[in-house]
Every structure is written in C-alpha cells, then in structure tokens.
1. If one computes the Cα centroid of the stretch B:44-119 and of the stretch B:133-157, what distance in Å separates the two points?
2. Using 1/(1 + (r/R0)^6) with R0 = 22 angstrom and r between the beta carbons of B:LEU57 and B:HIS105, what's the FRET efficiency to the nearest 0.05?
3. Between B:ALA44 and B:ASP188, what FRET efficiency comes out of the Förster formula 1/(1 + (r/R0)^6) with R0 = 56 Å and r the beta carbon distance, rounded to 0.05?
4. Tell me which residues come under 5 Å, amide H to amide H, from B:ALA64 once H is placed; ignore anything under 5 positions away on its chain.
5. Treat each spin label as a single point 7 Å out from the Cα along the C-beta direction, and report the A:HIS36 to A:ARG134 distance in nm.
6. In nanometres, what is the gap between the two model label sites at A:GLU83 and B:GLN7, each 7 Å from Cα along Cα-to-Cβ?
7. Provide a whole-number value for the mean count of partner chain Cβ atoms within 10 Å of the Cβ atoms in peptide A:22-31.
8. How far is it, in nm, from the label point at B:ARG138 to the one at B:LEU180 when both lie 7 Å from their Cα along the line to the Cβ?
Amino acid sequence: MDTYADLVQRLCLVRLKSREDTEDIFQTVFLKYLQHTKPFENAEHEKAWFIQVTLNACRDLLRFWARHATVPLEELTAQAAPEPRDRSVLEAVLSLPQKYRDAVYLHYYEGYSAPEIGDLLGRNTNTVYTLLTRARALLREKLGGEEDG
Amino acid sequence: MDERIRQAFDAVRADEDLKQKTLDALERRTCPAPRRRPMAAAFAALALVVLTAAGGLAYATPAAAVSVDADASVELAVNAFGRVVGVRCYDEATQALVDATPVLHHDWTQAAAALSDALSETDGATVTVSADSGHCERLLSDGGAAGLTCYALDPETAQAARDAGLSLGKYRAYLALSALDPTVTQADAGEMTMGEIQQSIDACEGHGYGQGQQGSGQGSGQSQTTGETTSAGQGYGAGQGAGGHHGQGHGYGHE
C-alpha cells in the first residue's frame, strides 16, 4: 500500500474535495488491487492500473453518491500541504476546471507525455495538448507574478 | 512552474491514519465469514419477513364457511388451517350469546360444538359446511369425528344463501322444505327456527310417505305373523305420519 498510497491520495485531491470520499476511494481501489488476479507486466503497468482505477472510482463516486460534503479549498490544501508556498500552487491547480486538473497532475507531477495521458484518460492526444496549454495559461494567470513559466 | 507544481504535489502524502483505516476495512471486507454472515442474515431476515407475511395472509384468509344452526344461526369463517377467523351473527341476541362463547382463533370443530351447546340446550345444532370440494371433504370428516352432524353446501348455493340473507344451514333446510311445499318462501324460512323448519319437513314427508306407502305397509303386515307386524300395524294404524314409514321398513325387511 505504501507504494501507491500517495499516488491515490493525490488523485483524490485532484478529483474530490472530501476526506470521507477519499477514504471510500482508498478502500475501493485497494480492494480491487487485492482482487486483481492478472499479473502486471511491470511497475509502470501497475502504476497506470492504479491511476485508471482511482480515476474511475472517483468518477463513479461523484456520479452515483449523493454525499458530496466538500470542504473549502483553502482548508483542503492546508490539510494536504503544510508549506504556504505549496499551498498556493495547489489552490491554483485545484481551482482549475476539472477537465484540466487530471492532465496537469499527470503531466507535471507524474511526468506522463500527452499521448500517455490520452491513453490513461481515454482522450485524443491533441485534446490533451490543448488541455495542457490552456491549463498552463490559467495557472500563469492565477499565480501571477509568482510564476515566470 | 513545472518544478513548483511538482513540489506542491510532492508535499501531498497519504497519512498513516488513512492507510490504517483502509487496511482495517480491507481486512473486514476480505475476511470470508464476516462477508457471508451479513448476506446470510439478510437473506434469512428477508425469508422470515416473507414467510411471516405469507403465513399471516394465509391465516387471515377464510377458506370455508361453517354455519351452525339451531334456534338461532351463526356463521363462522374458517381458514385453511381449520381455525375460526371470523364470526357472523344474524341477530343481536345471538351476538350476545356468541360474545360469551370464545370461538375466534379456536379450532372450528371445537367452536361449532361450543356454539351448538350455546344455541340449543336440547336438540343440538346442525352444522353446514361450504368450501372447495377437497377442503370440504376434510372439514366434513373432521366434523364427523368431533361428533357434529354436518352437511355440505356447494359454493354456488352458499352464495345464494348469502344473497337471500339466510344462514347456510337454514337455506339448505329451506331448499328441502320448498321442494316438499313450494308455497314456503325464503322470508317464511327466515322467520322460522331450524326446529320449526325441520318439523315442517317432517310433516310434509310424513304426509307423503303415509299416502304412498300405505299399501306396502298393509300388504307386508298381512303377510307377517311376527312381532314386526305389530309394529307395522301400529305404524299404519297411527295414520299418515311416521308410523307409515315404519310399516314400509319392516315390510321390505322381510321380503
């Protein structure tokens, strides 16, 4: 669990805004992992599996679960990142529209390329490029003088 | 910007409390017994609810009508288990009598016997049963075993009795009487007790038999020299009633 707990936690932060929902997703994802019988080809394959299962679980939860007890963005980022500098960046990322957040996280933190993100999210590669370009512009706007690109 | 975003996300970690809660939950959910028990308990509870509801419905549903008739009449609704689930009286006086006689939820033969005692202290009551054929036979058998004088009435005739406002037993008696005396109406029968209807039936039958069997009794009597001829002679000599019937019986017995 230690290997992928942080990954799942970050994806939950990008997708959800509730500690309770994050707990549900953890249980769902790691239960599926325990029940997964087919061997993974390698570590990258396993990581991609975790990303897809987590994103799907988050989407299902948001779609079907009536409970969306969200916490304010500031409180959420304060819980997630103790440093004020990190907090402002997280706030900027999490305030982006949902369609940009996954791509930003996967590209800037996990280091996936646009075609790889397209595979993970089931989107066209050009669409991913567009999402990343627009997200970068929005982040520059939000972070203002703090950010030089 | 890339580096700042990477640093910001790098600060996000799954805390130990979250990991432990997940591990505890997974342990509960992957342990076979706890997973099966709730399902088994749920199915058992569901089955219990369904069976209870079905049983309650079956218990409360009348499957037969039993009429106890003497000086007054009472009709019992009897379920498929032979238990009384409803009582109907035809007048207030009888209602008071029934109120003092516990019959609801009792075995119908016990209830009918108790009502028979309550409705008629001397002659006893007649019991008329109406139900589907198979069930009716079982009820008649149970009634006979309990020492009750039972008659069957088919469901269509039972419905006609209800339409006429008469108990099953009284309607059956009315049909018997009207076959012998067509001038008798349902209203007449309604105002008569079972004893009175039976007396009228006896009177009509006695009259008919006396006329019809007279020659037979007489001829037999003449041919016999045994004590039975006295009996036959008495019957015949008594006139048009039961004596004539006796004469016929003995006459045939010795031929």
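1. Here the answer is 15 Å between Cα centres.
2. 0.90
3. In this case the efficiency is close to 0.40.
4. For B:ALA64, the qualifying residues are B:VAL78.
5. It is 3.1 nm.
6. Output for this residue pair reads 0.5 nm.
7. What the average comes to for A:22-31 is 4.
8. It works out to 3.6 nm between the two label points.
A short reminder: the numbers here are calculations on the coordinates, not readings from a lab. What you see is a predicted model, and the numbers here were worked out from it, not measured in a lab. All Cβ positions, even for glycine, are placed from backbone atoms using ideal geometry, and neighbour counts span all protein chains on display.
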